[in-house]
Amino acid sequence: MPDVAREQDRLFEEAMSSYGGALERLARAYEADAEVLRDLLQEIHIALWRSFASFDNRCSMRTWVYRVAHNVAASHVDKQVRARNRVFVSLDDLEGRADERVGVADTEQRHALRQLYAMIQELKPLDRQVMLAYLEGMDAASTAEITGLSAGHVATKIHRIKSALGARFREGGNREE
């Protein structure tokens, strides 16, 4: 096996060891359908493995992994939108919409998590990307590096999204299902 392929495999294994769980959570936030979710996760893994052929350590592995994963997930969303003609809501409209897709869950915690993922899935792709990075514990500077936004803009988006999701979550929590 040539050295480049061996290094590509090593980097991929290191990335999966460190960020495999985060990649699954990221994919789950982008796709609710279990079969399509598996396909998306596979697409992310393939793209990530291929990307390590050109990884040059100019950024951290974490940033590289998230950038590749978010790009694949964003492309997936674009394809899904074109296929379904699905309309995303803006942050301004988010507060007023009721969450109709979340069904009765096994426990309150699972219900809350499903409700949160459903709300995140309805965000526009860039807002979703910022929120998922935040939920994975990334700081504004790292998220800015991935998204191309400024760190200040990322921090502002996080604040606005958290406020809108919080209000909507509280509204959804008061409804009887």
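The values are calculated or read from the model by the stated rules, or taken from the named source; none is laboratory data. Note that the structure is predicted; figures quoted are calculated from it, not measured. FYI the Cβ positions are ideal-geometry reconstructions off the backbone, even for glycines, and counts take in every protein chain you see.
For this structure, a couple of remarks:
- All told, VAL154 meets the bar of being β-branched (Val, Ile, Thr) and modelled with pLDDT of 90 or more.
- All positions within segment 26-46 that are in a helix (DSSP H, G or I) and surrounded by 15 or more Cβ atoms within 10 Å (Cβ to Cβ): LEU26, ALA27, ARG28, ALA29, TYR30, LEU37, LEU40, LEU41, GLU43, ILE44, HIS45
- Residue among LEU123, LEU165 that alone is at pLDDT 70 or above, outside any helix (DSSP H, G or I), buried (at least 19 other Cβ atoms within 10 Å of the Cβ) and out of contact with any His (no Cβ under 8 Å at 6 or more places or on another chain): LEU123
- Answer residue from segment 75-99, given it is of a type outside the set (S, T, N, Q) and surrounded by 15 or more Cβ atoms within 10 Å (Cβ to Cβ) and is modelled with the highest pLDDT among those: HIS76
- Annotation: ASP39 fulfils all but one of (1) free of Cβ contacts under 8 Å to residues at least 12 places away in the same chain; (2) under 19 Å from ASP9 (Cα atoms); the unmet one is (2).
- Flag for ALA53 being surrounded by fewer than 15 Cβ atoms within 10 Å (Cβ to Cβ) and either at pLDDT 85 or above or over 11 Å from the mean Cα position of the chain (by Cα) (or both): yes
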